[in-house]
Structure formats: structure tokens, C-alpha cells
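Peer 1: Provided herewith is a single structure, encoded as C-alpha cells, for subsequent inquiry.
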Amino acid sequence: MKLIGRAIKEGRAEGEALVSHEPLGFFGGVDPETGVVIEPGHELEGDCIAGTILVFPRGKGSTVGSYTLYRLRKEGLAPAGIVNSQSEAIVAVGAIISEIPMVDRIDLFQIQTGDEVTIDGDTVEVVRPARRN
Amino acid sequence: MLAGEHGPANKRAMEILVALGKIYAAEELVPVASVQVAGVSYGNLGQAGLEFIQEWAEQGAGVRVPTTLNPAGMDLEAWEQLGVPEEYAQSQLGIIDAYRAMGIAPSCSCTPYLVGKGPGFGQHIAWSESSAVSYANSVLGARTNREGGPSALAAAITGRTAKYGLHLEKNRQARHLVQVNCALESVADFGALGYIVGREVEDAIPYFRIDPPGKPGLEELKALGAAMAASGAVALYHIEGTTPEAKAHTVLADDAVPVIIEDLDEGYEALDGTAQEIDLVWIGCPHASLRELAQVAALLGGRPTRAKLWITTARAVLGEATVRGLVEMIEGSGGQVVADACLIGAPVQEMGLSTVATNSAKAAFYLHGHHHLEVRFGPLHRCVEAAVKGRWPG
């Protein structure tokens with residue numbers, strides 16, 4: 001399935017989708033030393049975002065979150081790509097300075113955790129792997 | 001520039017502006033007269049921020065418009081005598097060096113409007129610090145959104161910003177009418193009012209009608225704006241008969257939501273704690289004006305202090321205060337005038353502080369919430385008494 005959105009940071013990225021329908025704050029919400037979501041009660045609490053195509057509606061919280069994303073990238077713990085429904089400044093700026101391909105204006109309900117996702121410019125291609133038994 | 005012919009730093013700066021323009025539906029970029037960059041104190045920025053700024057500087061980024069910095073986590077010259085740990089200090093100086101390499105003068109202050117000529121009415125600027133954004137928009141009538149650290153740097157490097165939000169006249173109308181029916185007698189009162197209103201209106205634009213109207217000075221106005229930007233995210237306010245846009249034309253929407261303030265109790269109850277012994281009295285959030293330094297010197301009247309007394313200010317204001325003998329008077333009592341710094345980004349626990357008194361609602365809000373310190377909040381004369389006695393005056 002191909003979804004067309006809007007490129008916030010141009011580029012190509014592939015990975016397994018990690019999907020949340022809650023906004024995510026990176027500063028204080030993601031541990032920059034492990035890449036694990038640590039916000040208490042968050043849908044993704046305990047999940048590692050490293051190397052994933054991270055799918056969530058939008059960022060929230062402190063503007064320092066842009067730098068948290070940059071630090072994750074330096075540590076090799078950043079997501080490979082980001083898909084939002086409506087981008088805001090913190091994550092958009094974080095993706096640009098960290099060179100993480102990012103697309104917004106995507107219907108997140110078309111993507112499930114575990115899907116194989118490829119971002120290319122403004123296009124998000126979603127492949128659902130065959131269910132294993 | 002977007003194609004990268006001016007180097008990777010310029011390309012990235014343009015990418016940031018174009019992305020923000022897309023997100024907020026800006027039709028064009030607009031030249032800015034000045035930039036003020038947040039993301040300076042090592043405490044707030046951390047190792048990641050330090051590395052990012054160093055990388056950008058190494059890629060040859062340079063600023064095109066006059067650019068100043070937010071406060072650092074320490075006095076850049078007198079950090080050792082103030083007890084700042086060596087490791088922190090070296091990281092902090094590394095951040096300043098990287099900014100300096102981009103051509104930014106290390107004027108670290110949250111009150112750039114008190115140093116030199118501030119921006120003029122209607123001028124577009126790109127500032128970061130929330131209290132300075134509020135002051136520039138509200139009291140000076142300049143136009144800025146609240147920029148994040150990288151987006152302010154992008155504006156400094158390109159000399160432009162995306163034209164959306166508060167850059168547009170149509171977005172500067174107030175939709176909340178705040179009717180204040182109690183006397184406002186001190187900077188602390190204005191801060192307490194700001195705390196209450198910021199919580200109430202969140203990120204909206206309030207229009208104040210104050211009875212009796214009084215004549216608030218810059219110290220009162222900076223305290224009001226700083227508090228509203230801390231408890232809420234207010235970037236612009238208007239005061240009837242006082243602020244320039246309220247005087248120039250109608251800035252109150254017809255269907256404005258009324259907010260009535262009968263007293264300031266809610267603000268004082270939230271911000272003022274119960275500690276008796278005081279370790280530190282902090283004045284100068286936002287950075288103290290020359291007038292505030294003179295008031296502290298006069299209230300001390302040469303008496304020695306038992307608690308630590310720090311007044312934070314811009315280095316240029318420190319220079320003026322030195323010439324006028326105010327610094328000597330304050331230091332003669334055992335107080336210290338600290339330049340460049342903000343305590344909110346400073347390593348306060350490592351410095352052995354647990355109780356702080358201040359006349360700043362913003363300082364009280366963050367020291368309590370962010371650093372978990374015990375805070376007393378009240379007018380300047382009580383804070384100075386606390387410094388002299390080492391106890392909050394009863």
C-alpha cells in the first residue's frame with residue numbers, strides 16, 4: 001500500500017513500524033542512552049525506537065526535544081524515519097538537524113506496529129508481513 | 001541556499017525555515033532585524049546540544065544579523081568563586097566558544113532589550129527566550145514567534161524567518177479580556193497576576209483592563225510577561241492605555257472571553273512556600289535593570305547579609321552598575337552581582353542550595369517545579385530583609 005503525505009525532511013528510510021496514537025515528547029520522554037520510551041503511562045513505554053519507522057500523531061513538550069533526537073542519532077539510537085499525522089516544530093526541527101527522513105499528513109490508522117515501511121520523499125510504502133504461526 | 005551551494009550549515013538552516021513555513025502555512029520568509037538564541041545553558045542543553053552547536057560551527061555557519069544569546073548556567077568570568085563545578089564550567093564554555101565561532105557576541109541575557117537599542121514597533125525579529133519574546137511583542141510592539149534554539153540559529157544564519165503566527169497582524173488580537181480589580185503594588189504582584197492569568201489563558205493573548213490603571217514600568221511589565229510565559233505560553237499581551245498596540249488601534253476581539261481577577265491570593269498561595277531559613281535570595285529573573293540594582297543597594301543600606309544574595313543581570317548592565325558604584329555597595333554587604341547567568345539552568349543542587357527567596361514569579365515557578373527547591377516568594381523589600389536576616393521576615 002502506498003500513502004502520499006508531505007515531506008518534512010526529504011530522504012529514504014526503511015524499517016519496521018512502531019506505531020502510537022499518542023503524541024510523543026522526546027525530552028524526558030525517551031531515554032537518550034537507550035532509545036527506550038520512558039514516559040510513564042505512554043502507549044510506547046518500554047519500547048525501543050532505535051532503527052524503527054516511528055509513527056505517532058505529533059510531538060509535544062519541551063523544545064529541547066529537538067536536541068534529544070539529535071543525541072539519539074549520534075548514539076545510533078534514533079528512529080530510521082518518522083511518520084506524523086500533523087508535524088510540529090520540535091520533531092520537525094529535530095528530524096532536520098538529525099537527518100532523519102520525515103513525512104506528515106499520513107493517516108496513521110493505515111499502519112500497524114510490525115509493518116515493513118519505506119519512506120521515500122513524500123511517499124510511505126507499507127507492507128504487512130504474512131502472519132507467522 | 002536550499003541546494004547547498006553555501007555549505008551544509010546554510011542548507012540545513014534553510015531546510016528548517018522551509019519546513020516551519022510548510023507546517024505553519026507561511027506564504028513567505030521575512031527579513032529579521034535581530035535574533036536571540038536560546039539553548040545556551042549547559043544544564044538545559046546537555047551533551048547533545050553542545051555537540052550539535054559544535055558541529056554547526058565546524059561546518060562554517062555564520063550569522064548575518066545582530067544575534068545575542070540567552071543566559072548561560074553560570075557567570076562566564078566569575079564561575080569559580082560562585083562554586084560552579086569545573087566539569088560543568090568547561091562544557092558551558094565550550095558552548096559559548098562554538099557560538100562565538102559563528103560570529104555571535106557572547107552577550108548572554110534574557111533581557112536583550114535592556115542592552116543597546118531594542119527592536120522598534122512593527123519590526124520583525126526572531127527571539128527565543130519566552131520572557132523576552134513577550135516583552136518585545138507586548139511592550140515594544142515588535143513581532144516574533146517563540147523560536148526554539150535551532151530555528152533561531154537558522155534565522156540568524158539566513159537573516160530571515162518564516163512569516164506566520166505573531167508576524168501577522170491578524171494573529172495579534174486578544175480573545176481574553178482580563179479585568180483586574182485589585183491594586184498591583186510591586187513587581188511580585190505583577191508576577192503573581194501573570195502566574196494566575198497564564199494558567200487561565202494558556203497560549204492565548206490576554207488584554208488587561210486594570211483598575212486602578214497605574215503606570216507600570218519596565219520592571220513590572222517584564223515580570224508580568226515572564227510569569228505568563230512560565231505558567232502558560234503567553235507570547236503577547238496588551239494592557240489598555242499602556243502597551244503600544246493597545247494605544248494604536250483596537251486589539252480586543254468583540255467576542256473576547258472575560259476573566260475577572262479580584263485578588264492575587266491564588267498566585268501567592270501557589271508560589272510562596274513555608275521555609276523559614278533562607279540559603280539564597282535571588283533577584284533578577286528576568287535579568288535585573290539598573291533601577292532594580294539601585295533599589296537592592298538602597299534597601300541593603302550597607303547592612304551585612306547572612307544569606308547569599310545574588311542579583312543576575314546582563315554583563316552590560318553590570319558594567320553600568322559598576323560605574324555608578326552600585327556593585328561596590330551590594331558587594332560591600334556580601335551580595336553578588338552575577339552576569340550572563342540564569343539560576344534555572346545552573347547546577348543548583350550541586351551548589352548546596354535548598355531554600356531560595358525571590359521576587360520573581362517565574363523563578364519561583366521553575367525553582368519549585370524543576371529543581372524541587374523550597375521557595376519563598378514576595379516583594380523586593382522582604383527578599384532583601386531575608387538576605388540580611390537569613391530568615392524569611394514574619
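The values are calculated or read from the model by the stated rules, or taken from the named source; none is laboratory data. Please read all numbers here as calculations on a predicted model, not as lab measurements. Positions of Cβ are generated from backbone atoms using ideal geometry, with glycine treated the same way; all protein chains shown enter the neighbour counts.
Peer 1: Within region A:63-107, how many residues turn out to be farther than 20 Å from B:GLY148 by Cβ and either part of a helix (DSSP H, G or I) or not small (Gly, Ala, Ser) (or both)?
Peer 2: 8
Peer 1: Select the strands (runs of 3 or more DSSP E) contained entirely in region A:1-46, then report the ones holding at least 1 residues which are surrounded by 13 or more Cβ atoms within 10 Å (Cβ to Cβ) and acidic (Asp, Glu).
Peer 2: It comes to A:12-19.
Peer 1: Taking the stated definitions as given, is B:VAL348 farther than 17 Å from B:VAL187 by Cβ, assigned to a strand (DSSP E or B) and not assigned by TED's automatic domain parsing to the domain that holds B:VAL115?
Peer 2: It is false that B:VAL348 is farther than 17 Å from B:VAL187 by Cβ, assigned to a strand (DSSP E or B) and not assigned by TED's automatic domain parsing to the domain that holds B:VAL115.
Peer 1: In region B:27-46, which residues are part of a helix (DSSP H, G or I) and at pLDDT 85 or above?
Peer 2: Across region B:27-46, the qualifying residue is only B:TYR42.
Peer 1: In region B:331-350, which residues are under 23 Å from the mean Cα position of the chain (by Cα) and more than 24 Å from B:PRO106 (Cα to Cα)?
Peer 2: Across region B:331-350, the qualifying residues are B:GLY335, B:GLN349.
Peer 1: Could you count how many residues in region A:61-71 are within 8 Å of chain B (Cβ to nearest Cβ) and hydrophobic (A, V, I, L, M, F, W, C)?
Peer 2: Within region A:61-71, residues that are within 8 Å of chain B (Cβ to nearest Cβ) and hydrophobic (A, V, I, L, M, F, W, C) number 1.
Peer 1: Can you tell me which residue within region A:34-59, out of those that are in contact with a helix residue (DSSP H, G or I) (Cβ under 9 Å, 6 or more places away or on another chain) and not aliphatic (A, V, I, L, M), is farthest from the other protein chains (Cβ to nearest Cβ)?
Peer 2: Of the residues in region A:34-59, the ones in contact with a helix residue (DSSP H, G or I) (Cβ under 9 Å, 6 or more places away or on another chain) are A:35, A:49-50, A:55-59.
Cutting the leftovers down to not aliphatic (A, V, I, L, M) gives us A:35, A:56-59.
Numbers: A:GLY35: 13, A:PHE56: 16, A:PRO57: 14, A:ARG58: 10, A:GLY59: 11 Å.
Ranking the qualifying residues of region A:34-59, first place goes to A:PHE56.
Peer 1: Determine, yes or no, whether B:GLY73 is surrounded by 20 or more Cβ atoms within 10 Å (Cβ to Cβ) and within 14 Å of chain A (Cβ to nearest Cβ).
Peer 2: For B:GLY73, the condition - surrounded by 20 or more Cβ atoms within 10 Å (Cβ to Cβ) and within 14 Å of chain A (Cβ to nearest Cβ) - is met.
Peer 1: Consider A:ILE119 carefully, then state whether it is in contact with a Ser or Thr (Cβ under 9 Å, 6 or more places away or on another chain) and of a type outside the set (S, T, N, Q).
Peer 2: Judged against the criteria, A:ILE119 is not a match.
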